[in-house]
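Read the structure below first, then the notes.
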Amino acid sequence: MLRWLAQIRLAVRSLFHSPQADRELDEELQYHLERQIEENLHHGLAPEEARYAAMREMGAIAKSKEECRDARRVNWIQDFVQDLRFGLRMLRKSPGFTLVAVLTLALGIGANTAIFTLVDQLVLRLLPVQDPQGVVVLSEVGNFYGDSQYQGETSPMSYPMYQDIRGHNQVFAEMMCQRQQDFTVSISSEAEAVRGELVSGDYFPLLGVQPALGRLLEGKDTLNVGTDPVVVVSYSYWMSHFGGDRQVIGRTIRVDKYPLTIVGVARPGFGGLEPGLPASIFVPITMAPIIVPGYDFGSRFLDWRLRWTNVYGRLKPGVTIAEAKTGLQPLFHQILEMEVRQPDFRNATPYDKEQFLKMGLDVIPGGQGNALLRHLFQKPLWLLMCVTGLVLAIACANIAALLLARAAARQKEIAVRLAIGSSRLRIARQLITESLLLATVGAAAGTALAVAIVRGLLTFLPSQVRGYDISSSPDQGVLGFSMLLALGTGLAFGSVPAVQGTRPDVAKSLKEQSASVTGGPYRFRKALVALQVALSLLLLTGATLFIRTLKNLRSLNPGFQTHNVLHFEVNLESAGYDLDHAHAFLRNLEERMKGIPGVESAGSAQMPLLSSGGWVAPMIVIAGYSPKPGEDMTAHVNSVSPGYFETLGIHLLAGRVFRESDTRESLPVAVVNESFVKRFFGNEPAIGHFVGKGNDPSAPANMEIIGIVNDTDYENLREAAPRQIYLCAAQHIPGSHVYVRTTQDPRSAFASIRKLAHELGPQVLIQDMKTAEQQVDDSLATERMIASLASGFSLIAIALAAVGLYGVMAYMVTQRAREMAIRVALGAMAGRVIWLVMREVVLLVATGIAVALPLILVLNRLVRSELYGVSPGDALSITFSMFVLGCIALFAGYIPARRAMNVDPIVALRYE
Amino acid sequence: MTKPKDLVQGTLDLLILKTVAPEPMHGWAIAQRIRQISGDVLRVGQSALYPALHKLEQQGWIKAEWKISETNRRAKYYSLTRAGRKALADEAEHWERLSAAISALVRAI
């Protein structure tokens, strides 16, 4: 039982007390020898004779000593320590080489580690809940007949749908639903915007989250609508807002307009289901109709026709995701069949019903939470990961080339070692150890560099997600990743000299340095350089395409003018305003703002510019227009105040825009854009026609079209402007996004507008104040991130390739100095000598380009969806990249070429 | 003199284990004992003996301690461990089967 202990003791002894172990071995063998001598004496041999006979009998003692040490099987550790010491000494001996190699590696590994830090946190990380692998999210796929509010990759569901599936399914051990919600919370008096979640009672049990204090929400808290005014706070909120006071249980806080009693604190580290965007409070979802009233989903809590809540399940043990999906379909369709017979579908066409019944239910791994950020950044981040991977490959090629050069310089040392009987494997092992040492140092420096890079990267994220809690310091996963990179790169660039440098060509190497410029290592280095040229051309072309994409998007005319316009958001529902007061507040604010010096006009809208989301009416009804079955009758909607069009510079093409006299008492009116007119009226006049919006053709066409404006981009700049209908805010819902046009830099008006708003409504929170130009720019954050990083990384790549090219050419010039000198001495023209070198450079670059071109044509196709207004095989971009790369490469090759020309024949010939 | 040619690979381990089974013994004595008992047929030289001893010690089948020898000098004595005793039983049984099989074969032909 203690056998392994004894083994370890022996191993430790021979490792750390090896002199003693060696002494004991000597003594043991000495004893054997002496006994043998005694034996021989006993048999009557003369003393001297006895000694020789014994030694003959013993044989080669040194060899069996070595075998004894080998038997202890720890030799490789001792060898490794020896190699490590030797490696450190070699690195210290050539500080220049070490510095260049470590810096190159730090750059390559740092860039990869930085991007991986983001990938890890935004794409890969699982929620800190019990068994996250067993958590799944449900998503409806197909044509839903009704309203749907969501951002992200899964579709939400209606609350009654959640209840029905929860009550009747066979595949889940538990089910829950939740929704991210922004609340306005006041603890004593000061109101504050707080991120929270509306959750069902089975939320905490399903996730296996424990309370730190008090109790968490339970099934009984969400049995009935509006009867449980309780709230659970997160641990960090408890710490920051209550100082960790244990008396907090039973205290009341105001959430929006409603007082809720704190019943518990969740355990440390749990912040809800949106990674990076922690929720501070958890409110029973059945309180939504009371707390989130008025014009949001709260009032339609039990409506089948509104999808708004995210539904999660925990798989029963042994049930796979595929089994769950198959098992749920019959139940889901049974529910759909029931729904389609409800009064909501009274006016639905047979086509609508057919489409609705075709819906399916998807089951998706949910252990990562909702993750809007993952949805937005998944593709760009993987793309950048590929880019940095290529940079690392180029860096590796560079170091491999450097090591080859070093191996050439160490040829004699290696040849001597081979000659005195060292095995090739042993030397290769030592060279690899040196490479791994180098890689480890580089990775350590790179990990430190990565922290700085991530900090820089975070500023590229759009401002709406800048509030995300993304850490720049590496965790275990990231450290593991960079260690893996170190190991991988060390083996990659270390194996080249280990194989190439230990060719047992002893005799040749020991002779006077036979300048073998045409030898294997040199050819290999040239291949490496050609590869570098190819990879950096690939990166540069990609970067050029991304830069042109960004430029194309920026130069688009979105249909509105953002220069000298500012934007801010007011949250009136949370401040406790009902519809009438909200309307009054906004009207008053817009009017009074015009009194501020430098303010030209002001207007408000429900939907902000280019928010990558939209308000889409499922069905537009036009008096006198009968849609074909299945015809797309949707339109983008916005609800705006009279000053909106003027403030954003949207031109009126016909009719009029809204006026203050358009109120709920007067005739409902609407403004539409050009595309809307073109689609539904063709060349007929549209003004004076009546339109309506709803779920089905029975919706009343009760709004008169009073004006036509130019098209504007809606969700983002990439997509063409959609057909759009503007509702009059005064007749519908008040907007929460206010736009103000100023005569000078709008930033100068920020303070006075804040002051005015606070005067008019002390409880109203002003959020997200920025220029409208900034808002547009934020919508391009992803494109900007890709373009800047890709071009930055491709410049690094080119620099590395240029260094590699320079290195291999300089080496060639040194090796052929004598030949060049003779040529010069015999009267060769300077141009011819330069050409000798430049011919190689041109050949290398040409090879690189020839390798890269097909790669570019194939690989750039993969990023087609990230491009705009430029094709993946764009000839101009490729030509431009080739030109830039060619210039840099020729310059890098020209420096050693000039040196070749200036070789002094006397010096070069005497040197040998 | 190196490894005895007629010694099947691995049987040296068995010989050593069997030899040190009754009492702790040093290397030279082990070699002598093997030679005596085998009637001078099996001669184990130090070049085979000591690596084998060190390997068995590393495997945990025998353990070593320094004692004063019969000639009044410090010598390294090897003795069986519990694991070694079990290994000896296994090896011996294996050897019995192997040699019986070989003998049977040799006689049959």
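The values are calculated or read from the model by the stated rules, or taken from the named source; none is laboratory data. Note that the structure is a prediction, hence the values are computed from the model and not measured. Virtual Cβ from ideal backbone geometry, glycine too; neighbours counted across all protein chains shown.
Among the candidates A:PRO132, A:PRO95, single out the residue that is away from chain B (no Cβ under 11 Å), surrounded by fewer than 17 Cβ atoms within 10 Å (Cβ to Cβ) and either within 24 Å of A:ALA428 (Cβ to Cβ) or not hydrophobic (A, V, I, L, M, F, W, C) (or both).
A:PRO95
Look through A:ALA408, A:ALA450, A:ALA393, A:ALA445 and report the one residue that is under 16 Å from A:THR98 (Cα atoms) and assigned to a helix (DSSP H, G or I).
Only one candidate qualifies: A:ALA445.
Mind checking whether some residue in segment A:61-73 is within 9 Å of another protein chain (Cβ to nearest Cβ), at pLDDT below 85, more than 29 Å from A:GLU434 (Cα to Cα) and part of a helix (DSSP H, G or I)?
Yes, segment A:61-73 contains a residue that is within 9 Å of another protein chain (Cβ to nearest Cβ), at pLDDT below 85, more than 29 Å from A:GLU434 (Cα to Cα) and part of a helix (DSSP H, G or I).
Among the numbered criteria (1) modelled with pLDDT under 85; (2) within 39 Å of the chain's Cα centre (by Cα); (3) aromatic (Phe, Trp, Tyr), which single criterion is violated by A:TYR811?
Answer for A:TYR811: the failing condition is (2).
Do we have A:ALA50 as away from chain B (no Cβ under 14 Å), surrounded by 16 or more Cβ atoms within 10 Å (Cβ to Cβ), modelled with pLDDT of 85 or more and more than 55 Å from the chain's Cα centre (by Cα) here?
For A:ALA50, the condition - away from chain B (no Cβ under 14 Å), surrounded by 16 or more Cβ atoms within 10 Å (Cβ to Cβ), modelled with pLDDT of 85 or more and more than 55 Å from the chain's Cα centre (by Cα) - is met.
Just give me the residues in segment A:258-295 being under 22 Å from A:TYR159 (Cβ atoms), part of a loop (DSSP other than H, G, I, E, B) and not β-branched (Val, Ile, Thr), in sequence order.
Answer for segment A:258-295, where residues must be under 22 Å from A:TYR159 (Cβ atoms), part of a loop (DSSP other than H, G, I, E, B) and not β-branched (Val, Ile, Thr): A:GLY272, A:LEU273, A:GLU274, A:ALA279, A:PRO293, A:GLY294, A:TYR295.
Given the criterion part of a loop (DSSP other than H, G, I, E, B) and in contact (Cβ under 8 Å) with a residue 40 or more places away in the chain, identify the matching residue among A:GLY318, A:GLY313, A:GLY369.
Of the residues listed, the single one that is part of a loop (DSSP other than H, G, I, E, B) and in contact (Cβ under 8 Å) with a residue 40 or more places away in the chain is A:GLY369.
Please find, among A:ILE849, A:ILE856, A:ILE878, the residue that is under 22 Å from A:SER555 (Cβ atoms), touching a residue at least 40 places away in the same chain (Cβ under 8 Å), buried (at least 16 other Cβ atoms within 10 Å of the Cβ) and out of contact with any Phe, Trp or Tyr (no Cβ under 9 Å at 6 or more places or on another chain).
A:ILE878
In the list A:GLN36, A:GLN30, which residue meets the criterion of being more than 8 Å from chain B (Cβ to nearest Cβ) and at pLDDT 70 or above?
The match here is A:GLN30.
Which is touching an Asp or Glu at 6+ places or on another chain (Cβ under 9 Å) and in contact (Cβ under 8 Å) with a residue 24 or more places away in the chain, of A:ARG747, A:ARG741?
A:ARG741
Of all the residues that make up segment A:205-257, how many are outside any loop (DSSP other than H, G, I, E, B) and under 35 Å from the mean Cα position of the chain (by Cα)?
17
Run A:TYR625 past the list (1) touching a residue at least 60 places away in the same chain (Cβ under 8 Å); (2) assigned to a loop (DSSP other than H, G, I, E, B); (3) of a type in the set (Phe, Trp, Tyr) and report the number of the one that doesn't hold.
Condition (1) is where A:TYR625 drops out.
Considering only residues that are surrounded by fewer than 19 Cβ atoms within 10 Å (Cβ to Cβ), within 9 Å of chain A (Cβ to nearest Cβ) and more than 16 Å from A:ILE8 (Cα to Cα), which ones fall in segment B:55-87?
Listed by number, the residues that qualify are B:TRP66, B:SER69, B:THR71, B:ARG73, B:ARG74, B:ARG82.
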